[in-house]
1. Do you know which residues across segment 95-124 are polar (S, T, N, Q) and at pLDDT below 75?
2. Looking only at segment 112-151, filter to residues that are out of contact with any helix residue (DSSP H, G or I) (no Cβ under 8 Å at 6 or more places or on another chain) and of a type in the set (Ser, Thr, Tyr); which one of those is surrounded by the fewest Cβ atoms within 10 Å (Cβ to Cβ)?
3. Condition check: out of contact with any strand residue (DSSP E or B) (no Cβ under 9 Å at 6 or more places or on another chain), within 13 Å of VAL175 (Cβ to Cβ) and assigned to a helix (DSSP H, G or I). Does LYS81 satisfy that?
4. Only one of ARG148, ARG130 is among the charged types (D, E, K, R), under 17 Å from GLU109 (Cβ atoms) and in the same structural domain as ASP106 (by TED's automatic domain parsing); which?
Amino acid sequence: MRTLHYNLARTRHVNGRAFALRAALLALAALLLGALAVANLAGRSGRYRLDREQDSAGKRQLASIASESGRLRRDIAAWKKSLGAELALANSLIVRKSFSFVAQLDLLEKASSPGIRVRQLTLENAASGRIAMAISARSLKELFALYRKLAANELVIKSETQTQGEYHVNLSFKVPHEKL
């Protein structure tokens, strides 16, 4: 078996000048890159120091805000303690005098079934006001179920008519404040 050996160099000797020139350029590039890295790190350390100073100033500002917030909380707690009795009295007066018709509508919603349709609703925004309404019911059974639920609230049926398979009723009832 024959082996072949190839020599790609023109000559068997190394050109010293070309080698030295290339080695010097490589060393110069390494030094240049090293200098750039040192300059970059030096710039970053300056920015890092500036950021640390700003961070410490921000921490001082947050500490002052926190102390001010604590002082204000203590002031509010002192005011609540000194005005607690007056506040309780004012709240009890508000509860006695206030009234919401939303509770009346909630009672009406709980009393009616899916087959009951409210056509007209009139209510008094007072503690013992009456609710007057005109309703339509698909069946007499659903209508009587509504009557039973509203009977405890002084139910008054004003009129009741039947037309085309529906029952039309005008009624009113009272919802005392205690039931709300």
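The values are calculated or read from the model by the stated rules, or taken from the named source; none is laboratory data. Everything quoted here is computed from the prediction, not taken from an experiment. Neighbour counts are summed over all protein chains in view; Cβ atoms, including those assigned to glycine, are modelled from backbone coordinates with ideal geometry.
1. Within segment 95-124, SER98, SER100, GLN104 meet the criteria.
2. Selected residue: THR122.
3. no
4. Step by step, each of ARG148, ARG130 is checked, and only ARG148 is among the charged types (D, E, K, R), under 17 Å from GLU109 (Cβ atoms) and in the same structural domain as ASP106 (by TED's automatic domain parsing).
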